[in-house]
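J.: Take this structure first; my questions come after.
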Amino acid sequence: MLPDSDPGLVYKTAWIPEAEIHYLRFLMEGYEGLATLSSEAGSSRVTFQIPESALEEALALIEALSREIGLVLLPDPGPT
């Protein structure tokens, strides 16, 4: 479930092999300010909180990670 909407952030949810979550966190820390990553313990689902100003760069990184570590960007939820 996504947190309350923040007008300056875009939320993207992805699936990642659980063994790769620590590596993904390490990478995201290196890209300070690009996105914040959250996940629940024992889950392979992660949520990126991306500033709108960094969306293009963040999506390019996510695409590269899909090839490198098997990250799968999940479809955006429809309106509720």
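The values are calculated or read from the model by the stated rules, or taken from the named source; none is laboratory data. Since we're looking at a predicted model, the values are computed, not measured. Just the protein is used for accessible areas: all its heavy atoms, side chains included, with ligands, DNA and RNA removed. Shrake-Rupley method; radii C 1.70, N 1.55, O 1.52, S 1.80 Å.
J.: For ARG45 and ASP6, calculate 0.36 nm times their separation in residues minus their Cα-Cα distance, and state this gained length in nm to one decimal.
T.: Computed gain between ARG45 and ASP6 is 12.0 nm.
J.: Hey, another quick one. Would you please report the Å³ per residue occupied by the convex hull of the alpha carbon atoms in the chain?
T.: 94 Å³
J.: Over the chain, calculate the relative contact order: mean separation of alpha carbon pairs under 8 Å at least 6 apart, over the residue count, as a percent.
T.: Relative contact order comes out at 40 percent.
J.: Please calculate how many Å² of accessible area the chain carries per residue, with a 1.4 Å probe and no DNA, RNA or ligand atoms counted.
T.: Computed with neighbouring chains in place, this is 67 Å² per residue.
J.: For the chain, give the percent of accessible area contributed by carbon and sulfur heavy atoms, probe 1.4 Å, rounded to a whole number.
T.: 53 percent
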